[in-house]
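The values are calculated or read from the model by the stated rules, or taken from the named source; none is laboratory data. If you're wondering where the values come from, they're calculated on a predicted model, not measured in any experiment. Using ideal geometry, Cβ is built from the backbone for each residue, glycine included, and neighbour counts are taken over all protein chains shown.
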Amino acid sequence: MAVIPFVPRIDDAPYATSQQLSPLVRRVIAENPSKFTYHGTGTYIIGTHDVVVIDPGPRLDSHRDALQRALDGCKVVGIVVTHCHADHSPLSQWLKESTGAPTFALGPHADVVFDADDVEEDDEEDEVDDTDSQSDEPRETIDVDFQPDVTVIDGEVFLTTDEFSLVAVATPGHTSNHLCVALQEEHALFTGDHIMGWSTTVVSPPDGDMSEYMRSLQKVADRGDAILYPTHGGPITEPGPFLSAYADHRREREQQILDQLAGGPKTIRDMVSVMYADVDKKLHKPARRSVWSHLIQLHRQGHVTVIDGDVPRRTSTYAAS
Ligand SMILES: [Zn+2]
């Protein structure tokens, strides 16, 4: 597999403290560590007096208080949400009410209907005692209440202060409404969960889409930003090699799926237990969803068929075309 040059750990970064990362960028990390959030959610504050907050984070009193301290003496002029997962958007409601600043996003979370067959039940997690498995249930992680005040459009300069301007970079894939934000003055891109500093991203159907995800990865690679600031993990200071390894990793996963199916029809569960044999079993459940998203893409391209139905489902049996 391609070796992704993940950035050094940021575990030394203290919680509830504002860290200055560049002349215009500060970060406050929420104390919500998990197998999906790494050390926690990194909330970014852009600017020195009129400021914009990107991804206020989870509903967590300690994080709310830390943000309040970090924002003391500043005027919040905008709140940007990269997407509506519960570790990113919920505190925007408090921040909006306490500052009067408008919220910006590509849109609310898509109105996704989960087919009963496609929701992975916790009791299926038979390989491991996964006590916090509720946390990765797709329905539970969505902040369905979030509605932006301002819907941004891909490519537009949507917010300007006397110090900086922010550009919307639509990056669907992790979710259909995922937004990255470019800080023009520092050639920096805030990547939300589209690109993470410590891990690959979960692309979970039906809202997650691997074809779109790969297009959005290429879109970011083509931009040539000097630095990427993910919500989880440290800043990526050499985006070029990182992004090409990140994309290669996905292509290799896709090839592994085709190799598996070359040996005969298989289910996603069969394939993941082989392909992810060297990965912590706690991560097999999200891995199954990512493999499913690859299979949907491969089915769309005519490379695989479903042998027990018409639609590529989570529980289908797949064969090479
Ligand atoms: Zn997310």
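The single condition from (1) within 21 Å of F6 (Cα to Cα); (2) in contact (Cβ under 8 Å) with a residue 60 or more places away in the chain; (3) assigned to a helix (DSSP H, G or I) that A247 fails is (2). Scanning segment 58-90 for residues that are in contact with a Gly (Cβ under 8 Å, 6 or more places away or on another chain) and within 17 Å of Y229 (Cα to Cα), we see that the one that is surrounded by the most Cβ atoms within 10 Å (Cβ to Cβ) is H88.
Give the residue that is nearest to R314 (Cα to Cα), with candidates limited to residues of segment 192-202 that are more than 10 Å from the ligand (Cβ to nearest atom) and either outside any loop (DSSP other than H, G, I, E, B) or in contact with a helix residue (DSSP H, G or I) (Cβ under 7 Å, 6 or more places away or on another chain) (or both). The extreme case among them is T200. Give the residues of segment 219-272 that are surrounded by fewer than 21 Cβ atoms within 10 Å (Cβ to Cβ) and among the aromatic types (F, W, Y), sorted by residue number. Result: F242, single match. Pairs are defined by a Cβ separation below 9 Å, a sequence spacing of at least 6 or placement on different chains, a first member in segment 141-152 that is over 13 Å from L106 (Cβ atoms), and a second member that is exposed (fewer than 13 other Cβ atoms within 10 Å of the Cβ); the pairs so defined are V144/D111. Within segment 229-246, not a single residue is modelled with pLDDT of 95 or more, closer than 23 Å to K285 by Cβ and more than 16 Å from the ligand (Cβ to nearest atom). Comparison of L179, L189 shows that the only residue that is within 20 Å of the chain's Cα centre (by Cα) and away from the ligand (no atom under 16 Å from the Cβ) is L189.
For A287, the stated conditions do not hold, so it cannot be described as aliphatic (A, V, I, L, M), more than 28 Å from T171 (Cα to Cα) and crowded, with 16+ Cβ neighbours inside 10 Å. If you go through segment 92-106 and keep only what is within 15 Å of the ligand (Cβ to nearest atom) and of a type outside the set (S, T, N, Q), you end up with A105, L106. Scanning segment 45-90 for residues being within 16 Å of the ligand (Cβ to nearest atom) and either among the small types (G, A, S) or within 17 Å of the chain's Cα centre (by Cα) (or both) gives a total of 16. Being in contact with a His (Cβ under 9 Å, 6 or more places away or on another chain) and within 15 Å of the ligand (Cβ to nearest atom) is a description that applies to G173. Looking across segment 1-52, just one residue is among the charged types (D, E, K, R), part of a loop (DSSP other than H, G, I, E, B) and touching a Ser or Thr at 6+ places or on another chain (Cβ under 6 Å), and that is E31.
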